[in-house]
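The values are calculated or read from the model by the stated rules, or taken from the named source; none is laboratory data. These numbers come from a predicted model, not from an experiment. As a convention, Cβ positions derive from the backbone with ideal geometry for all residues, glycine included, and neighbour counts pool all protein chains shown. Ligands, DNA and RNA are stripped out before the accessible areas are found, and what is left, the full protein with its side chains, is counted by its heavy atoms. Shrake-Rupley method; radii C 1.70, N 1.55, O 1.52, S 1.80 Å.
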Amino acid sequence: MAQVVLRPSLRPTSGYPPHLLPGGDPRIEEEWREAAAAFDRGGAGVGRLDEKGRFRFASDGFATLLGAPLSEILGSDWLRLVVPEARGALLASRRSMILKGKAEVALRALRQDGTAFDADLLLVRARETEPRFSGHFLFLREAARRRQKTAVRKRPARDRLTNLPDREGFLDRVRAELDRQTPFAVLLVNLDRFRTVHLGLGHAAGDALLRAVARRLETCGRLGDPLAHLGGDEFALLLEGVRSFEPAAAFAERIQRELRPPVLLDGQRIYPNACIGIALGPGAAARPDDLLREAASALRGAKARGSGQIGRFDEGLRASVAAQARLETDLGKALERREFRLEYQPVVSLATGAIVGCEALIRWSHPERGLVPPSDFIPIAEETGAIDEIGAWTLREACGQARAWERDGLPRLSVAVNLSPVQIRCGGLAALVASTLAESGLPADQLRLELTEGAATDDSEETVGALRDLERMGVAVAIDDFGTGYSSLARLRRLPIAGLKIDRSFVRGSADDPQDAAIVRALLRLARQLALEVVAEGVETEEQLRFLAARRCDAIQGYFFSPPLPPEAFARLLREGRRLPARPARARRSPAA
Ligand code: C2E
Ligand code: MG
Ligand code: MG
């Protein structure tokens, strides 16, 4: 469909030009015209989006609400509707609309002049019966009055683990502070060596530690100072009326002192310590997210110096924060600009030496920065909500590729796709997987999904439900980077999981570091007891390969056999029938350790 661009002479003054209206049926057009006019009279606006989320139509009321001329709205991306931190919610609402037919969200909408307002948004899937209705409809209205009524009932969202306000709640407080333009400080508190506690003592102990820390932070704050649990081992505090770094740093030191007394976990004494990043508001930061980003970059600086450090945000860090913000913007456009591609790394059976599958790994070629590694942009995509669309694209691309290889007469392979925890938590994953499989024609048992340990141990109903749905569909789920997270195998056992991927940090040392070797041995033994398939990641040397083969690891992946490859190069490997050298694969009888 060609994009509709309104020439000034065509700009509607009353009513709407027929070519902007959906459908070809005059009755529908009439209904639509009336509906749009009714909405406009009520101070609301109506719009129509194409599949890519671009405005095909917007009513006059819509333009009034946004304070932008229609000519600028038409053809623009719908993400412009909201403040950047609400984009994730907007994308999530679209997915839920696609699944359920409609979705309602309350969010902060953005006017052309940069001011924001509370708005209610209703998204409705276009009727399937009308072929020209391929996108969806959107109704927007200002929520000021309704908000006031519900304000009394609305409690800030709380984090279930610590019963503290969550990230959203904290951002709301920062926003209120920014609106008042009075000085304040944001302190970002991150526990040192939290992973060690989780890994060593298990998930329950980790949770208990987070709860204990939350209570201590509560008592060292002044009454009424907003405190929040942002997730993981990160907490945030807002100090009102703080004008300079010194008093904020003095407060940060007090927090560290209060945290330090031992916490008894599983009979062990743990001495909590934390790094703290400080940013001052209002300053140059215009949005709540900017301030958190500033505090986060101060925190990164502190952590780089070691444990128990305090860092302050200063002008030197501003450049890196600005770069981060630019990356966020670019990421939002990367999909449309076709800057992503996938590479495929072979997974090789240790029993036969043959390629049995591959893992799809995303690559982003940024027009100026060149190749940006996924570890740099996936976390940003998760924060901004872009992961939704990127994840769906990756899945589609990988399934399509696996089918294409088979059609080209290459052996049948399984393809593994990495999932972000955000994708699984937002719901709708199983439906997305089902439709992608149907579209590509790839049988469910040829798709594998990889979930990092952290995501799998979130045993919320959503996660467990999604995993069960996938299991029913015949799609296997494996835990990625196993050993780096906080889970115990006993806990994983309750989840429908088909396999584990041992993290490469353990594989690296397996051939010469006794401790790593012991961990890998234990993991392999346990996995066998639970009938889980094990793939070792990051196998780089023949020694590592022998070690793994001798302990009956199922398969390996790593530079020793092949790095991730573009699709054509991967197909060449398949065509050549490349295999592992025979000896290591048979080396099962080397001395058991
Ligand atoms: P991962 O899923 O654990 O992927 C394995 C990573 O190890 C890949 O890094 C791969 O290139 C690298 N690798 C493979 N063999 C070796 C080896 O022998 N030695 C060493 N040193 N490294 C090896 P990559 O491609 O940079 O990806 C990093 C992570 O980014 C992935 O870890 C995965 O968690 C995430 N990721 C990649 N693609 C996607 C995606 O499409 N969606 C999501 N949500 N995450 C992705
Ligand atoms: Mg992976
Ligand atoms: Mg991995």
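List of remarks:
- Glu542 vs. criteria under 30 Å from Thr463 (Cβ atoms), in contact (Cβ under 8 Å) with a residue 40 or more places away in the chain and either open to solvent by 10 Å² or more (accessible area, probe 1.4 Å) or touching a Leu at 6+ places or on another chain (Cβ under 6 Å) (or both): no
- Of all the residues in the stretch 255-266, those that are open to solvent by less than 90 Å² (accessible area, probe 1.4 Å), over 11 Å from Arg216 (Cβ atoms) and either of a type in the set (Lys, Arg) or in contact with a Leu (Cβ under 8 Å, 6 or more places away or on another chain) (or both) number 1.
- Pairs with Cβ under 8 Å, 6+ apart, first in the stretch 468-482 and not assigned by TED's automatic domain parsing to the domain that holds Phe506, second within 16 Å of ligand 1 (Cβ to nearest atom) and open to solvent by 20 Å² or more (accessible area, probe 1.4 Å): none
Conditions (1) modelled with pLDDT of 90 or more; (2) more than 13 Å from ligand 1 (Cβ to nearest atom); (3) assigned to a helix (DSSP H, G or I); (4) not assigned by TED's automatic domain parsing to the domain that holds Ala354, marked per residue:
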{"site": "Asp516", "(1), (2), (3), (4)": "no, yes, yes, no"}
{"site": "Val535", "(1), (2), (3), (4)": "yes, no, no, no"}
{"site": "Leu548", "(1), (2), (3), (4)": "yes, no, yes, no"}
{"site": "Tyr559", "(1), (2), (3), (4)": "yes, no, no, no"}
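- Where Arg269 falls short, out of the listed (1) free of Cβ contacts under 8 Å to residues at least 40 places away in the same chain; (2) in a strand (DSSP E or B); (3) open to solvent by less than 30 Å² (accessible area, probe 1.4 Å); (4) farther than 24 Å from Thr452 by Cα: (3)
- Qualifying residue in the stretch 516-537 (condition: within 16 Å of ligand 2 (Cβ to nearest atom), touching a residue at least 12 places away in the same chain (Cβ under 8 Å), of a type in the set (A, V, I, L, M) and open to solvent by less than 10 Å² (accessible area, probe 1.4 Å)): yes
One line per residue, one yes/no per condition, for (1) in a strand (DSSP E or B); (2) more than 14 Å from Pro567 (Cα to Cα); (3) touching a residue at least 40 places away in the same chain (Cβ under 8 Å):
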| position | (1), (2), (3) |
| --- | --- |
| Ile380 | no, yes, yes |
| Leu395 | no, yes, yes |
| Ala398 | no, no, yes |
| Ala402 | no, no, yes |
| Gly409 | no, yes, no |
| Arg412 | no, yes, no |
| Val415 | yes, no, yes |
| Val422 | no, yes, yes |
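Every residue, every condition in (1) open to solvent by less than 40 Å² (accessible area, probe 1.4 Å); (2) out of contact with any helix residue (DSSP H, G or I) (no Cβ under 6 Å at 6 or more places or on another chain); (3) of a type outside the set (A, V, I, L, M, F, W, C), yes or no:
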{"site": "Leu317", "(1), (2), (3)": "no, no, no"}
{"site": "Val321", "(1), (2), (3)": "yes, no, no"}
{"site": "Leu350", "(1), (2), (3)": "yes, no, no"}
{"site": "Val356", "(1), (2), (3)": "no, yes, no"}
{"site": "Gly370", "(1), (2), (3)": "yes, yes, yes"}
{"site": "Ala381", "(1), (2), (3)": "yes, no, no"}
{"site": "Thr384", "(1), (2), (3)": "yes, no, yes"}
{"site": "Asp388", "(1), (2), (3)": "yes, no, yes"}
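- Scanning the stretch 537-546 for residues that are within 16 Å of ligand 3 (Cβ to nearest atom) and not in a loop (DSSP other than H, G, I, E, B) turns up just one, Gln544.
- Check on Ile362, within 16 Å of ligand 2 (Cβ to nearest atom) and either open to solvent by less than 20 Å² (accessible area, probe 1.4 Å) or assigned to a strand (DSSP E or B) (or both): yes
Per-residue answers, yes or no, for (1) in a helix (DSSP H, G or I); (2) of a type in the set (Gly, Ala, Ser); (3) touching a residue at least 40 places away in the same chain (Cβ under 8 Å):
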| position | (1), (2), (3) |
| --- | --- |
| Arg318 | yes, no, no |
| Ala325 | yes, yes, no |
| Gly332 | yes, yes, yes |
| Arg338 | no, no, no |
| Leu342 | no, no, yes |
| Val348 | no, no, yes |
| Ala351 | no, yes, yes |
| Gly357 | no, yes, yes |
